[in-house]
Amino acid sequence: MKHTLVLVLFVTALLFPVRTQFFSSVRSDFYDRGKQSGVAVDQRNGMTLSPRLRKVAGIAKDYVWRLAADDRGTVYAATGHGGVLYKKEQSADRFSEFAKVPDAEITAVAVDGAGTVYAAGAPKAVLYRVGRNGEVSAMPRTNDLYFWDIVAAGDDLYIAAGGVTGKIYKFSKGAFTEVLVTKEQHVTALSYDKKSGDLYASTEGKGMIYRIAKSGAVHVLYTPPEDEVHTVALLPDGIVVAGTASREIDTKSTDTKSTGVGEKKARRNALYSIHPSGVFDKLYSFTDTVLLSLLSDDDGSVLIGTGDKGELYRIENGVISLVAKLEEKQILSMVRVNGVVYCATGSGGGVYRMDVEYSAEGNFTSDVLDAGNASRWGSISYKAKVPSSTEMIVETRSGNCLLPDATWSPFRKAAPRIESPDGRFIQFRIVMKSADAKRTPELESFMLSYVQKNSAPEVRSVALITAYQQGASKDAPKKPLLSQHQAMVTWSAHDANEDAMRYDVFYRRDGEKSFKLLKDDLAETSYVFDANKMPSGVYYFKVTATDRMNNDERSTLSGYSLSSPAAIDRLPPTVRDLVYVAVNGRRRVSFKASDTLSTIMSVRIALDGGEWRYIDPKDGLCDSSVEEYEVDTPLDTDSFSVEATDSEGNAAYQAFVLR
């Protein structure tokens with residue numbers, strides 16, 4: 001077979017001086033949230049056309065519980081609600097009603113070695129023999145509520161029962177014999193090994209997998225942590241595969257071997273393989289998914305039918321692929337007839353036919369991809385095998401709102417350059433076609449490049465922190481630790497493009513017209529300087545940020561911000577206007593404390609050389625650059641000392657003689 005290997009690479013980093021970014025299939029969840037139709041996506045993020053899949057007409061029921069087939073290729077479908085058994089002969093293109101039982105549901109169906117059809121009615125667990133013309137006759141009753149599965153072993157049947165106690169019956173020559181009585185509530189599924197005569201069963205309750213040997217000996221092969229094993233199948237090499245369907249929330253699992261559906265705390269189930277010796281392996285884990293049906297093939301591949309998303313998976317050569325997402329939410333049963341697979345669904349009953357041949361056309365549409373900012377789109381890069389008579393097309397569309405609407409551009413072919421207009425959001429669509437049902441394109445990797453349009457950096461919260469403020473205020477940054485005469489300009493900055501930024505710090509004294517450079521080319525968002533080198537006064541600080549590290553001169557942008565007025569103050573306050581008068585046998589002293597640049601923070605007095613004590617201003621608050629004080633002292637007080645401290649820690653001391 002002649003293949004064409006397509007390797008499309010388009011390097012956009014040479015065109016765009018800023019950093020080029022990518023949406024890439026290297027991410028395990030790259031395709032998870034997209035919509036696929038007619039294509040299969042595997043765990044390595046490879047993509048091909050899926051096998052041809054179509055719904056078979058003729059069934060109008062809510063559930064198709066089980067499928068079975070005879071040696072002539074006739075398929076039987078057990079349905080509810082209504083208790084109708086349908087059949088489709090191999091040459092027919094639709095199902096037709098074949099038999100009807102008096103029960104509400106037909107939960108299982110099987111064909112024995114002689115070609116006799118049996119159906120299980122529910123909710124009273126009645127086994128019916130169905131004649132060639134659809135006439136039904138009830139077999140002897142058991143005390144069970146449900147028969148969940150029936151498998152043929154020659155002319156005999158094995159039946160999985162449940163509702164009260166999970167049991168397995170053997171039905172032979174018109175009579176039931178108990179093969180196994182478990183402590184579980186249900187035996188959910190059976191698989192019969194024609195070579196060895198062994199029977200395998202799964203249960204709900206604790207969730208167990210049994211092997212019942214031909215001799216009648218019973219062994220528990222494995223008990224997984226999930227409480228329900230819903231389906232079991234046998235591989236050609238004797239390995240058992242089993243799927244769980246627990247509805248419990250798993251909050252402890254740390255398993256990372258998954259299908260990429262997403263790893264959140266949720267309902268988790270798994271596909272296990274169990275060797276006849278009991279050695280097991282968790283093959284794959286699934287999130288918010290229950291495994292409802294399994295179908296093995298002679299080549300060792302396995303199909304997995306799931307709920308409640310209607311997803312059909314295939315494992316082939318150790319690789320799992322999502323083959324299809326059906327409209328119905330549950331894939332309850334599968335059967336293979338001459339290479340054709342039939343899938344039964346619930347929550348909207350139906351049967352789908354999946355052929356060996358590939359679909360003629362399929363497509364995958366990605367979820368909306370968010371570039372984070374207005375962006376220029378680059379190119380599509382992919383590696384793919386495109387055989388002759390097949391085709392693969394990649395298209396894109398873009399817009400500036402999260403949900404595509406009329407403002408978005410239409411899909412346009414990317415070959416390989418993306419032709420969609422600049423924007424923040426983009427979607428891609430992969431279309432695969434084949435004129436030969438045995439050939440398909442094979443996409444191995446995919447990448448979409450873009451570069452955000454450059455946005456100017458934003459500078460915020462420029463402030464001056466002095467050494468005294470750092471120690472006195474709990475809100476001031478504590479690092480780096482400032483020495484007595486140091487001060488620090490601090491700021492925060494943001495760049496929407498996540499560019500590296502460099503900063504220049506400027507200052508201007510109040511009354512001056514232009515800023516002077518204090519320090520340039522800073523990488524950190526603070527700068528410490530020696531405040532002693534600057535005269536006391538009120539200053540404004542400006543910080544400019546530039547993204548020149550990630551852009552050339554033509555596209556470099558900058559932004560800046562100014563501080564509020566900030567004082568560099570090494571001047572002490574002044575104590576003035578001291579007067580005193582005699583009042584009611586005491587001496588009342590009044591004075592003012594004032595500061596040129598800062599607010600008065602505290603005042604203490606000492607009488608006649610005694611201890612310092614704090615006094616409050618007349619208005620009770622130290623919150624301005626001028627504060628008035630008034631205090632009563634004894635008449636014989638001789639000396640009156642005042643300590644006034646401003647908000648920068650500068651202190652003034654003055655002593656007065658009272659006569």
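The values are calculated or read from the model by the stated rules, or taken from the named source; none is laboratory data. Worth saying up front: this structure is predicted, and the values here are computed from it rather than measured. Cβ sites come from the backbone with ideal geometry, for glycine too, and all protein chains shown count toward neighbours. All accessible areas refer to the heavy atoms of the entire protein, side chains included, with ligands and DNA or RNA removed. Shrake-Rupley method; radii C 1.70, N 1.55, O 1.52, S 1.80 Å.
Being over 45 Å from the mean Cα position of the chain (by Cα), open to solvent by less than 40 Å² (accessible area, probe 1.4 Å) and within 22 Å of Asp646 (Cα to Cα), is that true of even one residue in region 466-479? Within region 466-479 (the criterion being over 45 Å from the mean Cα position of the chain (by Cα), open to solvent by less than 40 Å² (accessible area, probe 1.4 Å) and within 22 Å of Asp646 (Cα to Cα)), the answer is yes, since at least one residue qualifies. Reported count of residues in region 7-41, each being part of a strand (DSSP E or B) and either surrounded by fewer than 18 Cβ atoms within 10 Å (Cβ to Cβ) or modelled with pLDDT under 90 (or both), is 6. Which numbered condition trips up Phe515, out of (1) over 24 Å from Val451 (Cα atoms); (2) open to solvent by 70 Å² or more (accessible area, probe 1.4 Å)? With (1) over 24 Å from Val451 (Cα atoms); (2) open to solvent by 70 Å² or more (accessible area, probe 1.4 Å) applied to Phe515, the lone miss is (2). Among all positions in region 134-152, there is at least one residue which is open to solvent by 10 Å² or more (accessible area, probe 1.4 Å), in contact (Cβ under 8 Å) with a residue 24 or more places away in the chain, small (Gly, Ala, Ser) and farther than 21 Å from Thr345 by Cβ. If you go through region 205-235 and keep only what is part of a loop (DSSP other than H, G, I, E, B), surrounded by 21 or more Cβ atoms within 10 Å (Cβ to Cβ) and more than 30 Å from the chain's Cα centre (by Cα), you end up with just Met208.
Of the residues Tyr580, Tyr539, Tyr527, the single one that is closer than 30 Å to Phe656 by Cβ and of a type in the set (Phe, Trp, Tyr) is Tyr580. Summed over region 625-646, the residues that are part of a loop (DSSP other than H, G, I, E, B) and either among the acidic types (Asp, Glu) or open to solvent by 40 Å² or more (accessible area, probe 1.4 Å) (or both) give a count of 4. If I filter region 484-495 for residues that are assigned to a loop (DSSP other than H, G, I, E, B), in contact with an Asp or Glu (Cβ under 8 Å, 6 or more places away or on another chain), surrounded by 17 or more Cβ atoms within 10 Å (Cβ to Cβ) and at pLDDT 95 or above, do I get at least one hit? No, region 484-495 contains no residue that is assigned to a loop (DSSP other than H, G, I, E, B), in contact with an Asp or Glu (Cβ under 8 Å, 6 or more places away or on another chain), surrounded by 17 or more Cβ atoms within 10 Å (Cβ to Cβ) and at pLDDT 95 or above. Mind checking whether some residue in region 110-122 is under 47 Å from the mean Cα position of the chain (by Cα), surrounded by fewer than 22 Cβ atoms within 10 Å (Cβ to Cβ) and assigned to a loop (DSSP other than H, G, I, E, B)? Checking region 110-122: not a single residue is under 47 Å from the mean Cα position of the chain (by Cα), surrounded by fewer than 22 Cβ atoms within 10 Å (Cβ to Cβ) and assigned to a loop (DSSP other than H, G, I, E, B).
The conditions of being among the aromatic types (Phe, Trp, Tyr), modelled with pLDDT of 95 or more, closer than 16 Å to Arg54 by Cβ and surrounded by 23 or more Cβ atoms within 10 Å (Cβ to Cβ) are not met by Tyr352. Residues of region 318-335 that are outside any strand (DSSP E or B) and in contact (Cβ under 8 Å) with a residue 12 or more places away in the chain: Leu326, Glu327, Glu328, Lys329. Of Val323, Val341, all but one fail to be touching a Ser or Thr at 6+ places or on another chain (Cβ under 7 Å) and under 18 Å from Asp297 (Cα atoms); the exception is Val323.
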